[in-house]
1. Where does the chain land on the Kirkwood hydrodynamic radius, alpha-carbon pairs, in angstrom?
2. In whole Hz, what ³J(HN,Hα) sequence does segment 70-86 give by Karplus (6.51, -1.76, 1.60; θ = phi - 60°), x for Gly and Pro?
3. Just need the relative contact order of the chain here, percent rounded to a whole number, with Cα pairs under 8 Å and 6+ apart.
4. Does anyone have the angle between helix 15-28 and the longest principal axis of the chain? Alpha-carbon axes, 0 to 90°, nearest 10?
Amino acid sequence: MSKLASSLIERRSRPDQVAPRVFAIREHLGMSKAEFSEAVSVDRSSLTKIEKGTAGLDIAVAERIAELFGFGLDFIYRGDLADVPLAHRPEILSLMHSHRTTL
């Protein structure tokens, strides 16, 4: 892909784009950072960086999140709400919004 084309296509998988989704999933589940990081086998400091958007989310960790909690990779990396269980969408959207306004 050319530089021009890649600059015109929004990268929804950037760490700053993935951060509010991971935060929203964790908060929606009512889990502390310690509980969530243990469940998905990542250290707590790495989770903090992921949720702040200063570190990327490893695909293996994203796959564990998807498998354990039912949120698809298309939501985690691309923001596709069709990959979120219907009953969870309103709260997830609200949590994502609150995450963006607090940073």
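1. On the way: mean 1/r = 0.0721 Å⁻¹.
When all Cα pairs of the chain are included, the Kirkwood radius is 13.9 Å.
2. Whole-Hz 3J(HN,Hα) from phi for segment 70-86: x, 9, x, 4, 5, 6, 4, 8, 10, x, 6, 5, 5, 9, 10, x, 3.
3. Values: 102 pairs, mean separation 36.1, N = 103.
That works out to 35 percent.
4. 20 degrees
Bear in mind these aren't lab numbers, they're just calculated from the coordinates by the rules spelled out. Fair warning: this is a prediction, and the values are worked out from it, not measured in the lab.
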